[in-house]
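Notes follow once the structure below has been shown.
The values are calculated or read from the model by the stated rules, or taken from the named source; none is laboratory data. These figures come from a predicted structure and were not determined experimentally. With ideal geometry, Cβ positions are generated from the backbone for all residues, glycine too; neighbour counts draw on all protein chains shown. The accessibility values were calculated without ligands, DNA or RNA, using every heavy atom of the protein model including side chains. Shrake-Rupley method; radii C 1.70, N 1.55, O 1.52, S 1.80 Å.
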Amino acid sequence: MRISLNKYKIFSNAKINIGLNVFQKEDDGYHNIDSIMVPIDLSDEMDITFYSELGDLKIECSDKNIPTNERNILYKTYKIFFEESKKEKEKISIFLKKNIPSEAGLGGGSSNAGFFLKLLNEYYGNIYNEKELEELAMKIGSDVPFFIKNKTARVSGKGNKIELIENNLKDSIILIKPINFGVSTKEAYESFDNLKEVKYADFDKIIENLREGNRIALENNIENSLEQGILETNIDIKMLKMTLNSVISGKKFFMSGSGSTYYSFVTEFEKSQIETRLKTFVDNVKIIICNTIN
């Protein structure tokens, strides 16, 4: 018996949140959000092999801290796809090379899931259209539907409402990810739930700023509800933000998603200067320069 193998290499990219509003917890225990999500060109690599025989999913990962069993979001994606499509499970193997830090607010796991789901759908003959694929993605995780479209978008509701927007920002982005700690999404939301007052981002203005490519105005309208909570409860994050503000005065740093990554917009001229300064004066952080994908 000859087994036919089909091998694919996929690059699943990260995202940043340009502003994030979180609203009070609903009766179902979840929060509604409002955010602008922007894809960036920092990517994980997935080598995926389809064996065209019945079997299960096998995951290997370059990062030994990431579970490769049922707890991995790729496994959840696999399970949901085969259950919903009523197909018999087939043998697939994935080698995941992690370049996107985890517990970073950059959507690495959600991106892996979204890209894997798109490949499964394509491989099995486009069972679902884009809208149906987004509904399926919602069952996997609230950031996964965004990666089905993977374009600058306003994402609201529980992550299920996605409206594409025009993004003409030309600046690069510098990411600052602490090496010794992360922030779990659960911790971020619990901190938010205990906040006395919340400052909200103005997304109508942010959308206008992105369309005009006006970075200065944009920076004045960004707020992140989860960051406001985390700064109250997490001393490591608080120290990191204070350090960033003191090392590079006059620059604004924003948290992406539930953290722990901070980012700042940099011009071509500022890029290497700011990178050097951060590497010299901020300990235990990973510095990554990237660009938005539009």
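So the values come out like this:
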| item | result |
| --- | --- |
| Beta bridges per DSSP with both ends in the chain, % antiparallel, nearest 5 | 90 |
| 13 Å Cα-Cα reach of Lys118 towards aspartates and glutamates, excluding residues that sit fewer than 8 places from it in its own chain | Glu130, Glu132, Glu134, Glu135 |
| Helical contribution to [θ] at 222 nm, DSSP H n ≥ 4, -39,500 (n - 2.57), averaged over the chain, rounded to 500 | -11000 deg cm²/dmol |
| Flagged links, alpha-carbon separation over 23 Å, of Lys7/Lys97; Lys58/Lys79; Lys25/Lys286; Lys25/Lys238 | Lys25/Lys286; Lys25/Lys238 |
| Rounded to 10°, Cα long-axis angle of helix 235-247 versus longest principal axis of the chain | 60 |
| Local electrostatic count at Val282 - Lys and Arg +1, Asp and Glu -1, tallied over other residues with Cβ under 15 Å | +4 |
| Anisotropy class of the stretch 172-291 from Cα gyration tensor, a/c 1.5 cut | oblate |
| Options (1) 1, 6, 13, 18, 20, 19, 14, 8, 2, 0, 0; (2) 1, 5, 12, 16, 18, 17, 13, 9, 5, 3, 1, 0, 0, 0; (3) 1, 5, 10, 11, 13, 14, 13, 11, 9, 7, 4, 1, 0, 0 - which one matches P(r) over Cα pairs in 5 Å bins from 0, in percent as calculated here | (2) |
| Candidates Lys177, Lys196, Lys241, ranked by Gaussian network fluctuation over the chain, Cα under 10 Å, top entry | Lys196 |
| Principal-axis tilt of helix 203-212 within the chain, Cα atoms, nearest 10 degrees | 90 |
| Inverse of mean 1/r across different Cα pairs in the stretch 117-185, Kirkwood, Å | 14.3 |
| Sequence of Arg71, Arg277 when ordered by accessible area, the most exposed leading, probe 1.4 angstrom | Arg71, Arg277 |
| Choice from Ile59, Ile36, Ile16 with maximal GNM fluctuation in the chain (Cα, 10 Å cutoff) | Ile59 |
| Rounded percent of accessible protein surface that carbon and sulfur make up, the stretch 5-164, 1.4 Å probe | 45 |
| Heavy-atom accessible area ranking, 1.4 Å probe, most first, across Met255, Met138 | Met138, Met255 |
| Heavy-atom surface of the stretch 5-164, accessible at 1.4 Å and reported per residue (Å²) | 45 |
| Calculated P(r) tail over 15 Å for the stretch 72-176, as whole % of Cα pairs | 65 |
| Within straight-line cross-link reach of Lys205, aspartates and glutamates at Cα separation under 16 Å, skipping those fewer than 8 residues along the same chain | Asp34, Glu163, Glu166, Glu219, Glu223 |
| Listed pairs Lys15/Lys98; Lys149/Lys252; Lys158/Lys199 exceeding 18 Å between Cα atoms | Lys149/Lys252; Lys158/Lys199 |
| Cα-based helix-to-principal-axis angle, 130-140 vs the chain, degrees rounded to 10 | 80 |
